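Asker: This is the structure, below, for whatever I ask next.
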Amino acid sequence: MAELTYRDAVARGIAQEMQRDPDVVFLGEDIAKAGGVFKTTVGLLEQFGPLRVRDTPISEQAIMGAAMGAAMTGLKPIAEIMFSDFFAVCFDYLANQFPKSRYMTAGQVKCPLVVRTANGASVRFGAQHSQSVENWVMMIPGLKVVAPSTPRDVVGLMAASVRDPDPVIFFEHKGLYASKGEVPEGEIVDTLGTARIVRPGKNATILALALMAPRALAAAEKLQAEHGIDCEVIDVRSLVPLDMQTILESVGRTSRVFTVEENPRLCGWGGEIVSLIVEEAFFKLDGPPVRITTPHIPLPAAEGLEDLALPSVNRIADTVRKALET
Amino acid sequence: MATQTQAGKIPARPNDDIGREVRLRMYRTQIEIREAEQRAYDLFLQNLVKGTSHLSLGQEAVAAGFAAAMQPGDLTFCTYRGHAHTLARGASVEKVLGELMGRDNGLLRGKGGSMHLTSVEHGVMGSYAIVGAHIPIACGAAWSAQYKGRKDVTVCFFGDGTTNIGAFHEGLNLAVIWNLPVIFVCENNLYMEYTPIGEVTAVSHPAAGRAGAYGLECPIVDGQDADAVYRAAQAAIEKARAGGGPSLIECETYRYSGHSRADPAKYRPDGELDRWKQRDPIKLYRSRLLELGIGEKALDNIDREARRFVDEATEKCKAAPPPPADILLTDVYADGGSSWRN
Ligand SMILES: Cc1ncc(C[n+]2csc(CCOP(=O)(O)OP(=O)(O)O)c2C)c(N)n1
Ligand SMILES: [Mg+2]
């Protein structure tokens, strides 16, 4: 078992799939010669050549459109959108094109592609390069949405996404690129739509994903050590399909639920999950579900301000403790 | 800069580069489109076609000319104004009218409607209702052919108004730098929806005037003359198939009806419609075929057959059931359903 950074896991996951299937092609801005602005794609051009790993102009609509046209005619493209904030300039493809082509054509058109993108804050890039926008795409029937938190999950979920016959939006977290984790040798293929219990516990369920998953875990350890509160932490990993079974079973055991979300509260993914829990497991709850989110603000750039905005280990721990005490 | 093509001005001869068989095919295609679209309009009036619909009455020669120059396996991408192109590639009138009428026998079983006609088996990869969206998508299809070493080419149709949206420019640039086997065809019908294109465009030829920015030559073709369209299409398709890269073509044409069903087209200056109708593509083509010695009788037969064909299709569609309720939830995901959770 080797230790790998989350950053290197991206290239490893893409390489694993390109090696396996010659129909997998990869396009995006600065991804080939430069190896990606976050150095997530270093070595792919050298390994797979310029016909499969293609630098594009700054044309997000062309990137998305070309990926779709290639997907519907037999290729399995992976498209990079450098920052997820840029979804806003090519949203037509996410909202109107990829997800609707199969339905509108009664199954004639297929769209097996992956859009991977750098999502999230903690790197002080300010309001237009730091958002967590999983909810922008989660609401669209026809898309699948994943957000891994560990290097191993990056490889395994990348493989699952590339092999999936539907359009998958793959959110990498910028704040995790430098983080490290064990990644086994050999092929890794994970399953979309599976949450993972990263820490079993009895007193409450904490749901998180991406950068918020390690923070939720750290908060749970702190609560255990300082207050003897035993929290179950679930890394949701995949928002569509959504593993409600794992979540509902956990809530059934703990009777309390918290979400930790990097997005502002309104229409964040946690709201949807909480509504499902309330509809389907209301009588198992001992208290109200609580959502821990960023405030209703554009994200600021300065270190101190950005840190205040994002759910921190302390804020998560304090919120959980106070809610359980009352 | 734009080059005025001479293709349409070559005097036609019976055994020239186009020849009798292709000409008859183009005539038949134009007649079929005209009959089918007029029928679609009649069916609106009877409230049997709901929603919206965008007709290509007057623009038939563009669809017929390109379809005749394309080979099986070549791909078509078109806009919401896509009935003509879909029919021209061989999709059945019944399935097209069925789709417009929201019946189970429609091309898309009623799930797409008039603006999304698609027939993958005929190479019609979709009709796109967000202006310009399909231009990059067409690039992707062409990229796929290039990557796989397939010889198919992609033809992407759009309107004059589409040249003012970003996706057009992003797509053209990508096609040129990647040398993609794609042909972009601007059907300049003088209007973006209700506004004359000249009032909102920096150059007088919306496509040709931009071609130079992408290192392309852009012939301006008489879009009322199927022969001229066919020749321009042939040249561009040959070039793309031989690895010579993309082309942009501007066809000057005119739509007889309003932009869509809801539009009485009151914004058009007096006499403009009549002037264009004097150069009706079907009328022009019929006289050309007569000049070439194809008998009136043969042409009348084609006309009659097309009408009968459309009549029969109409009756089948009227008798066809609406789509069953259970398809409401199918084909959202590749597993056939719409499930998003366990
Ligand atoms: C992005 C977008 N903006 C606006 C519209 C509304 N709209 C539909 S068709 C159309 C006019 C397009 O004109 P043109 O490209 O010349 O095509 P034509 O309808 O003349 O064939 C407009 C503005 C749309 N569908 N998509
Ligand atoms: Mg127009």
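The values are calculated or read from the model by the stated rules, or taken from the named source; none is laboratory data. In this text, all values refer to a predicted model and were calculated from it rather than measured experimentally. Note that we place each Cβ from the backbone using ideal geometry, even for glycine, and neighbour counts take in every protein chain shown. Surface accessibility is based on the protein's heavy atoms, side chains included, excluding ligands, DNA and RNA. Shrake-Rupley method; radii C 1.70, N 1.55, O 1.52, S 1.80 Å.
Asker: Checking B:Leu24 against (1) in a helix (DSSP H, G or I); (2) under 17 Å from B:Ser257 (Cα atoms): exactly one of these is not met. Which one?
Answerer: Only one criterion in (1) in a helix (DSSP H, G or I); (2) under 17 Å from B:Ser257 (Cα atoms) is unmet by B:Leu24, namely (2).
Asker: Here's another thing I want to ask about it. Those residues that are closer than 30 Å to A:Pro300 by Cα, in a helix (DSSP H, G or I) and open to solvent by 40 Å² or more (accessible area, probe 1.4 Å), I need them from region A:239-272; list them, please. Let's see the steps before the verdict.
Answerer: Residues of region A:239-272 that are closer than 30 Å to A:Pro300 by Cα, as a first pass: A:239-240, A:257-272.
If we keep only those that are in a helix (DSSP H, G or I) as well, we get A:269-272.
Hit for region A:239-272 is A:Glu272, nothing else.
Asker: Among the candidates A:Lys33, A:Lys100, single out the residue that is open to solvent by 30 Å² or more (accessible area, probe 1.4 Å) and over 20 Å from B:Val332 (Cα atoms).
Answerer: Residue meeting the stated conditions: A:Lys33.
Asker: Just the residues that are over 15 Å from B:Tyr254 (Cα atoms), without any contact (Cβ under 8 Å) to a residue 60 or more places away in the chain, away from chain A (no Cβ under 12 Å) and within 15 Å of ligand 1 (Cβ to nearest atom), please, taken from region B:165-203. Give the derivation first.
Answerer: Step one: filter region B:165-203 for residues over 15 Å from B:Tyr254 (Cα atoms), giving B:165-184, B:199-203.
Then drop every residue that is not without any contact (Cβ under 8 Å) to a residue 60 or more places away in the chain, which leaves B:165-171, B:173-174, B:177-178, B:199-203.
Checking the rest, the ones that are also away from chain A (no Cβ under 12 Å) come to B:199-203.
Passing the criteria: B:Glu199, B:Val200, B:Thr201, B:Val203.
Asker: Can you tell me which residue in region B:118-136 is farthest from A:Lys110 (Cα to Cα), limited to those that are within 14 Å of ligand 1 (Cβ to nearest atom) and open to solvent by less than 10 Å² (accessible area, probe 1.4 Å)? Talk me through it step by step, then tell me what you get.
Answerer: Taking region B:118-136 as the starting set, the residues that turn out to be within 14 Å of ligand 1 (Cβ to nearest atom) are B:127-136.
From the residues that got through so far, the ones that are open to solvent by less than 10 Å² (accessible area, probe 1.4 Å) too are B:127, B:132-136.
Details: B:Ser127: 15, B:Gly132: 20, B:Ala133: 17, B:His134: 15, B:Ile135: 18, B:Pro136: 17 Å.
So the residue we want is B:Gly132.
Asker: Given the residues B:Pro219, B:Pro246, B:Pro206, which is the only one that is within 16 Å of ligand 2 (Cβ to nearest atom) and within 21 Å of the chain's Cα centre (by Cα)?
Answerer: Of B:Pro219, B:Pro246, B:Pro206, the one residue that is within 16 Å of ligand 2 (Cβ to nearest atom) and within 21 Å of the chain's Cα centre (by Cα) is B:Pro206.
Asker: Continuing with the same structure: For region B:52-101: of the residues being within 16 Å of ligand 2 (Cβ to nearest atom), under 22 Å from B:Tyr230 (Cβ atoms) and within 14 Å of chain A (Cβ to nearest Cβ), which is surrounded by the fewest Cβ atoms within 10 Å (Cβ to Cβ)?
Answerer: B:Thr79
Asker: Now a separate question. Mind listing whichever residues of region B:137-166 are within 21 Å of the chain's Cα centre (by Cα) and over 25 Å from B:Gly209 (Cβ atoms)?
Answerer: Matches in region B:137-166: B:Gly140, B:Ala141, B:Asp152.
Asker: Suppose we filter region A:46-64 for residues that are within 9 Å of another protein chain (Cβ to nearest Cβ) and surrounded by 15 or more Cβ atoms within 10 Å (Cβ to Cβ); how many remain?
Answerer: Residues that pass the stated criteria total 9.
Asker: I'd like the full set of residues that are more than 16 Å from ligand 2 (Cβ to nearest atom), of a type in the set (A, V, I, L, M) and open to solvent by 20 Å² or more (accessible area, probe 1.4 Å), limited to region B:146-200.
Answerer: B:Val176, B:Ile177
Asker: Restricting to region A:120-130, what's the tally of residues that are crowded, with 24+ Cβ neighbours inside 10 Å and among the polar types (S, T, N, Q)?
Answerer: Within region A:120-130, residues that are crowded, with 24+ Cβ neighbours inside 10 Å and among the polar types (S, T, N, Q) number 1.
Asker: Here's something else I'd like to know. Select, from B:Glu199, B:Glu250, the only residue that is in a strand (DSSP E or B) and charged (D, E, K, R). It would help to see each step written out before you state the result.
Answerer: Numbers: B:Glu199 fails: in a strand (DSSP E or B).
Step by step, each of B:Glu199, B:Glu250 is checked, and only B:Glu250 is in a strand (DSSP E or B) and charged (D, E, K, R).
Asker: May I pose another question? Only one of (1) within 7 Å of chain B (Cβ to nearest Cβ); (2) surrounded by fewer than 22 Cβ atoms within 10 Å (Cβ to Cβ); (3) touching a strand residue (DSSP E or B) at 6+ places or on another chain (Cβ under 7 Å) fails for A:Thr105. Which number is that?
Answerer: Unmet condition: (2).
Asker: Filter region A:138-159 down to the residues that are more than 19 Å from A:Leu217 (Cβ to Cβ), open to solvent by less than 10 Å² (accessible area, probe 1.4 Å) and in a loop (DSSP other than H, G, I, E, B) and list them by number.
Answerer: A:Gly142, A:Leu143 - these are the residues of region A:138-159 that are more than 19 Å from A:Leu217 (Cβ to Cβ), open to solvent by less than 10 Å² (accessible area, probe 1.4 Å) and in a loop (DSSP other than H, G, I, E, B).
Asker: Moving to a separate point now. Which condition breaks for A:Gly43 when tested against (1) more than 8 Å from chain B (Cβ to nearest Cβ); (2) open to solvent by less than 20 Å² (accessible area, probe 1.4 Å)?
Answerer: Unmet for A:Gly43, out of (1) more than 8 Å from chain B (Cβ to nearest Cβ); (2) open to solvent by less than 20 Å² (accessible area, probe 1.4 Å): (2).
Asker: With (1) at the interface with another protein chain (Cβ under 10 Å from one of its Cβ atoms); (2) open to solvent by less than 30 Å² (accessible area, probe 1.4 Å) as the list, and A:Gly74 as the residue in question, which single condition is left unmet?
Answerer: Tallying (1) at the interface with another protein chain (Cβ under 10 Å from one of its Cβ atoms); (2) open to solvent by less than 30 Å² (accessible area, probe 1.4 Å), A:Gly74 fails exactly one: (2).
Asker: Has region B:205-212 got any residue that is within 16 Å of ligand 1 (Cβ to nearest atom) and within 14 Å of chain A (Cβ to nearest Cβ)?
Answerer: No, the conditions are met nowhere in region B:205-212.
Asker: For region B:295-342: of the residues being polar (S, T, N, Q) and more than 14 Å from chain A (Cβ to nearest Cβ), which is most open to solvent (accessible area, probe 1.4 Å)?
Answerer: Per the stated criteria, the residue is B:Asn301.
Asker: Find the residue count for region B:102-143, including only residues that are among the polar types (S, T, N, Q), more than 7 Å from chain A (Cβ to nearest Cβ) and not in a helix (DSSP H, G or I).
Answerer: Adding up the residues that qualify gives 3.
Asker: Quick one: would you say B:Gly140 is under 22 Å from B:His85 (Cα atoms), within 16 Å of ligand 2 (Cβ to nearest atom) and among the small types (Gly, Ala, Ser)?
Answerer: No; evaluated as a whole, the condition is false for this residue.
Asker: Count, please, the residues in region B:41-78 that happen to be touching a helix residue (DSSP H, G or I) at 6+ places or on another chain (Cβ under 6 Å) and assigned to a helix (DSSP H, G or I). Break it down into steps so the answer makes sense when it comes.
Answerer: Taking region B:41-78 and keeping what is touching a helix residue (DSSP H, G or I) at 6+ places or on another chain (Cβ under 6 Å), we get B:49, B:53, B:55-57, B:60-69, B:75-78.
From what is left, the residues that are assigned to a helix (DSSP H, G or I) are B:60-69.
Residues in region B:41-78 being touching a helix residue (DSSP H, G or I) at 6+ places or on another chain (Cβ under 6 Å) and assigned to a helix (DSSP H, G or I): 10 in total.
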